[in-house]
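Worksheet: one structure, shown below.
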Amino acid sequence: MTPLSLSDTDPAELAVDAIVVGLHSTDGDGPLLAPGAESVAVAFDGSLAETLALLGATGAPAEVTKLATLGTVSAPVIAAVGLGPAGNGNGDVLRRAAAAAVRSLAGAGKVVLALPTPDGEDAAEALRAIAEGALLGTYRFAGYKSRPQPGRRNPVKSVSVHVADATDKAAKAEAKRASVVVSAVARTRDWINTAPNDLRPPTFADEVAKAALDAGLEVEVLDEKALKRGGYGGILAVGMGSEAPPRLVRITYTAKGAKASVALIGKGITFDTGGYAVKPPQGMWEMKSDMSGAAAVASTLIAVAALKPKVNVTAYLPMAENMISGTAYRPGDA
């Protein structure tokens, strides 16, 4: 997981590889710098927005324009990312912008994001979105890379978000939450991106169970014998055509003093050919992601264990591989 930190030092004075600033679009007068870039603008004698416009920047959402600073600030590169019109800085816009900027800076060691974090009720949402986006921008699945690809730059090594007070408890809590959430997203993506022959139901169940147990959660895994004893005919039927038997994973989070309970169910079909109702060939390769529901729910429980909300949560993850064979379930079977 890429390290995330908060900084209240003037971004123009930080020893980082790049500074990310926001840029708003206008109706035709050229882009405007968003709040957070004031000190950087001063270092450019007020001409930063105009210079970025000459490079083609418009402030369109998630558009990234990079500029060499030539010593005007400590960082060698400014990355201006579009936020759309002023007043359009909701959480989703900031999240996408932060991710786009950080992805564009692959190869850099440390990046600071000086994007708008308004005061008041919107401050927490803005900080959370920027932090999540920055970390999501560093994600890369490299599970099958045996050697580096020539010319491909590694993701940014660490990110920092500029805030008014880096010691503020609420800000630190948002940064921690962002790290937990993005870690869960990355784990989910890794499972989804794993080839289906490497993540068949027993293997998937084992990996989920290990991750959940490591997080301190209660886990129960039902194998094909337990499923038969328990009368789980649906899961068994879907998995009849595969040599890899089905599983049902139950994960439980219990909060002390909780008065509410939530149940989550995630579909874990590690590959779905459609059985005898076979899928069309054009979309068959996508059927490996039919287990994404189970991946997302399992990762959610692991995130819940880290965030410790005062609510009980139970997850059910039915896992099977829907294949065609002489033993496959047929439409109309009893």
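The values are calculated or read from the model by the stated rules, or taken from the named source; none is laboratory data. Nothing here was measured: the structure is a model prediction, and the numbers come from that model. Here the Cβ positions follow ideal geometry from the backbone for every residue, glycine too, while neighbour counts run over all protein chains shown.
Would you be able to tell me the number of residues in region 173-184 that are closer than 20 Å to LEU115 by Cβ, surrounded by 15 or more Cβ atoms within 10 Å (Cβ to Cβ) and out of contact with any strand residue (DSSP E or B) (no Cβ under 6 Å at 6 or more places or on another chain)? Explain how you work it out, then say what you get.
Filtering region 173-184 down to residues closer than 20 Å to LEU115 by Cβ leaves 173-179, 181-182.
Checking the rest, the ones that are also surrounded by 15 or more Cβ atoms within 10 Å (Cβ to Cβ) come to 174-175, 177-179, 181-182.
Subsequent filtering for residues that are out of contact with any strand residue (DSSP E or B) (no Cβ under 6 Å at 6 or more places or on another chain) retains 174, 177-178, 181-182.
Residues in region 173-184 being closer than 20 Å to LEU115 by Cβ, surrounded by 15 or more Cβ atoms within 10 Å (Cβ to Cβ) and out of contact with any strand residue (DSSP E or B) (no Cβ under 6 Å at 6 or more places or on another chain): 5 in total.
Select from region 113-149 the residues that are in contact with a Lys or Arg (Cβ under 9 Å, 6 or more places away or on another chain) and part of a loop (DSSP other than H, G, I, E, B) and list them in ascending order.
GLY137, THR138, TYR139, PHE141
Give the number of residues within region 267-321 that are of a type in the set (Phe, Trp, Tyr) and either at positive phi or at pLDDT below 95 (or both).
2
Just a yes or no: is a residue in region 276-286 small (Gly, Ala, Ser), assigned by TED's automatic domain parsing to the domain that holds ALA205, without any contact (Cβ under 8 Å) to a residue 12 or more places away in the chain and more than 14 Å from VAL219 (Cα to Cα)?
Yes; the residues of region 276-286 include at least one that is small (Gly, Ala, Ser), assigned by TED's automatic domain parsing to the domain that holds ALA205, without any contact (Cβ under 8 Å) to a residue 12 or more places away in the chain and more than 14 Å from VAL219 (Cα to Cα).
How about region 191-214: which of its residues are crowded, with 18+ Cβ neighbours inside 10 Å and either among the basic types (Lys, Arg) or assigned to a loop (DSSP other than H, G, I, E, B) (or both)?
THR194, LEU199, ARG200
Please state which of the following conditions ILE251 fails to meet, knowing it meets all the rest: (1) of a type in the set (A, V, I, L, M); (2) assigned to a helix (DSSP H, G or I); (3) buried (at least 20 other Cβ atoms within 10 Å of the Cβ).
(2)
Please go through (1) surrounded by fewer than 14 Cβ atoms within 10 Å (Cβ to Cβ); (2) touching a residue at least 60 places away in the same chain (Cβ under 8 Å); (3) not in a loop (DSSP other than H, G, I, E, B) for ALA263 and return the number of the only condition it doesn't satisfy.
ALA263 satisfies all of (1) surrounded by fewer than 14 Cβ atoms within 10 Å (Cβ to Cβ); (2) touching a residue at least 60 places away in the same chain (Cβ under 8 Å); (3) not in a loop (DSSP other than H, G, I, E, B) except (2).
How do the pairs read when you match residues in region 5-30 that are part of a loop (DSSP other than H, G, I, E, B) with residues anywhere that are hydroxyl-bearing (Ser, Thr, Tyr), using Cβ under 7 Å and keeping only pairs 6 or more apart or on different chains?
ASP10/SER39; LEU14/SER7; LEU14/SER74; ALA15/SER74
Just one of VAL77, VAL64 is modelled with pLDDT of 95 or more and in contact with a helix residue (DSSP H, G or I) (Cβ under 6 Å, 6 or more places away or on another chain); which is it?
Result of the check over VAL77, VAL64: VAL64.
Checking ALA328 against (1) surrounded by 14 or more Cβ atoms within 10 Å (Cβ to Cβ); (2) in the same structural domain as ALA205 (by TED's automatic domain parsing), only one condition comes out false. Which one?
(2)
Going residue by residue through region 150-162, is there one that turns out to be in a helix (DSSP H, G or I) and not assigned by TED's automatic domain parsing to the domain that holds PRO309?
First, pick out the residues of region 150-162 that are in a helix (DSSP H, G or I): none.
No, every residue in region 150-162 fails to be in a helix (DSSP H, G or I) and not assigned by TED's automatic domain parsing to the domain that holds PRO309.
Out of region 1-32, which residues are loosely packed, with under 15 Cβ neighbours inside 10 Å and either within 20 Å of ALA106 (Cβ to Cβ) or among the hydrophobic types (A, V, I, L, M, F, W, C) (or both)?
Result: MET1, PRO3, SER5, ALA15.
Looking for whichever is modelled with pLDDT of 95 or more, more than 21 Å from GLY107 (Cβ to Cβ) and assigned to a loop (DSSP other than H, G, I, E, B) here; the options are GLY87, GLY46, GLY56, GLY82. Which one fits?
Working: GLY87 fails: modelled with pLDDT of 95 or more; GLY46 fails: modelled with pLDDT of 95 or more; GLY82 fails: assigned to a loop (DSSP other than H, G, I, E, B).
From the options GLY87, GLY46, GLY56, GLY82, the qualifying one is GLY56.
It is to be established whether one or more residues within region 296-311 are surrounded by fewer than 19 Cβ atoms within 10 Å (Cβ to Cβ), more than 21 Å from THR252 (Cβ to Cβ) and touching a residue at least 60 places away in the same chain (Cβ under 8 Å).
The answer is no; no qualifying residue exists.
With respect to PRO35, is the statement that it is out of contact with any strand residue (DSSP E or B) (no Cβ under 6 Å at 6 or more places or on another chain) and either crowded, with 22+ Cβ neighbours inside 10 Å or touching a residue at least 60 places away in the same chain (Cβ under 8 Å) (or both) true?
On the way: out of contact with any strand residue (DSSP E or B) (no Cβ under 6 Å at 6 or more places or on another chain): yes; either crowded, with 22+ Cβ neighbours inside 10 Å or touching a residue at least 60 places away in the same chain (Cβ under 8 Å) (or both): yes.
So PRO35 passes the test.
Residue check, GLY257 against (1) surrounded by fewer than 19 Cβ atoms within 10 Å (Cβ to Cβ); (2) modelled with pLDDT of 95 or more, all met but one. Which one?
All conditions pass for GLY257, except number (2).
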